[in-house]
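This report refers to the structure that appears directly beneath it.
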Amino acid sequence: MPTNTQNLLDHRPTDKVSPANFRIVETPVPAPGPGQVLVRHTFLSLDPYMRGRLSDAKNYAKPQEIGAVMGGGTVGVVEASMNPRFKAGDSVVGMGGWQHYSVSDGGGLRVVDAKTIPIQAYLGPVGMPGVTAWYGLNKIIAPEPNETVLVSAATGAVGSVVGQLAKLAGARAVGIAGRPEKCACAVRELGYDACVDHKSLRFPEDLKDALSNGVDGLFENVGGEPFRQALKRLNDFSRIAVCGVIASYEGEPTAVPDLRLFIVRRIKMEGFLQGDHTDLWPKAIGELVGLVAAKKLTWRETIRDGLENAPQALIDLLHGQNFGKMLVRVD
Ligand SMILES: NC(=O)c1ccc[n+]([C@@H]2O[C@H](COP(=O)([O-])OP(=O)(O)OC[C@H]3O[C@@H](n4cnc5c(N)ncnc54)[C@H](OP(=O)(O)O)[C@@H]3O)[C@@H](O)[C@H]2O)c1
């Protein structure tokens, strides 16, 4: 009888996440009931928000239940369907969690075209990270042609899309990334005008040099030192889209320094969650799919193999070891 391998949260981390916080179990593959769909997963999405869900501290996402399959985005193929909206063989994206198979009533499950676009892209540039980039750039920063947009984690799942959308809007795009190879990719593959390595000892000077016209839009993915240095380069009437502070998820909180700066420079700073804007998803996804199909939007991936390696993949993502969208292949 085929079994469903599942990765469960065993207990919450008290400090940093470790593989020991998770546990693998084997269960029978579930049979779909009336109105249900059985999906065989091919890729899991690893996302920074998962760190928040491992804790029971108050957050925007509810805590991950202990002893339950770790939640998360998945893509896969419908194996069997008793729901008229889906048929066997459909490629789908959903929230199936860290397991080989999931049963769904179809809520939150979407059929996607995996013939023209690789299926795992629906977890990256044409999925939640892409919509996040689209929203923060278009609705908060709204760059004018020739303005400068600065993007931290510039080659990551969200950042890589922000930089390319900023360029398509006619802006100058400058990235911050964590290794010379990442900076080279930002400029050569993703089209950034410049990219600065935040691990270099010369980071503050290099950032200043790359931003001779200052910053009009800051897309903040990281917090910490990159954010502190970026604040020094903001122009009058600049906009900051606060998307994430990954440097603080297992590190020191990122504080906002002297508020007076926000008055002197008339800066707008806005935190946002893509999940609050589901009404805009069809528009955003439609545009992103069009750009990928037209080969105007590209991306990087780091793929780990095996469900058992999902915890380490999450840990590596939280510590900047990914290069592009972090995925686990489970097929
Ligand atoms: N607001 C929303 O709705 C929303 C939705 C999705 C994601 N987010 C946020 O967007 C940000 C990017 O998410 P993503 O999925 O696209 O991840 P990602 O950028 O693909 O990966 C995270 C990257 O952060 C960078 N980083 C810099 N300093 C770090 C540090 N101290 N520790 C760990 N990583 C560090 C690393 O890149 P370098 O090595 O190049 O620095 C790392 O590769 C995260 O903060 C996430 O929480 C927000």
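Can you tell me which condition E252 does not meet? The list is (1) exposed (fewer than 13 other Cβ atoms within 10 Å of the Cβ); (2) modelled with pLDDT of 95 or more, and all the others hold. Here E252 clears every test but (2). Condition first: more than 8 Å from the ligand (Cβ to nearest atom), of a type outside the set (S, T, N, Q) and either part of a loop (DSSP other than H, G, I, E, B) or at pLDDT below 95 (or both). Now tell me which residues in the stretch 213-249 satisfy that. Scanning the stretch 213-249 gives G214, K232, R233. Taking the criterion of being surrounded by fewer than 22 Cβ atoms within 10 Å (Cβ to Cβ) and either farther than 18 Å from S160 by Cβ or more than 10 Å from the ligand (Cβ to nearest atom) (or both), the residues of the stretch 319-331 that qualify are H319, R329, D331.
Let's see how each residue does on (1) within 16 Å of the ligand (Cβ to nearest atom); (2) not small (G, A, S):
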residue: G76; (1), (2): no, no
residue: N83; (1), (2): no, yes
residue: V103; (1), (2): no, yes
residue: G107; (1), (2): no, no
residue: I119; (1), (2): no, yes
residue: W134; (1), (2): yes, yes
residue: I140; (1), (2): yes, yes
residue: E144; (1), (2): no, yes
residue: V151; (1), (2): yes, yes
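Of the residues making up the stretch 304-318, those that are more than 10 Å from the ligand (Cβ to nearest atom) and in contact (Cβ under 8 Å) with a residue 24 or more places away in the chain are R304, D305, G306, L307, E308, A310, P311, Q312, A313, L314, I315. From the residues in the stretch 265-280 that are assigned to a helix (DSSP H, G or I) and of a type in the set (D, E), which one is farthest from the ligand (Cβ to nearest atom)? Once the filter is applied, the top-ranked residue is D279.
Residues satisfying the criterion are present in the stretch 286-303 (criterion: over 14 Å from P129 (Cα atoms), out of contact with any His (no Cβ under 7 Å at 6 or more places or on another chain), within 15 Å of the ligand (Cβ to nearest atom) and of a type outside the set (D, E, K, R)).
The residues of the stretch 157-190 that are part of a helix (DSSP H, G or I), over 18 Å from K296 (Cα atoms) and in contact (Cβ under 8 Å) with a residue 40 or more places away in the chain, listed by number, are E181, K182.
Within the stretch 180-208, the only residue that satisfies the criterion of being more than 21 Å from the chain's Cα centre (by Cα), within 12 Å of the ligand (Cβ to nearest atom) and within 13 Å of A230 (Cα to Cα) is F203. Could you list, in sequence order, all residues of the stretch 268-301 that are β-branched (V, I, T) and surrounded by fewer than 18 Cβ atoms within 10 Å (Cβ to Cβ)? Hits for the stretch 268-301 are T278, T298. Only residues that are small (G, A, S) and buried (at least 24 other Cβ atoms within 10 Å of the Cβ) were counted across the stretch 165-186, and they come to 5. For the stretch 298-331, the tally of residues that are part of a loop (DSSP other than H, G, I, E, B) and of a type in the set (G, A, S) stands at 3.
The values are calculated or read from the model by the stated rules, or taken from the named source; none is laboratory data. No experiment lies behind these values; they were computed from the predicted model shown. With ideal geometry, Cβ positions are generated from the backbone for all residues, glycine too; neighbour counts draw on all protein chains shown.
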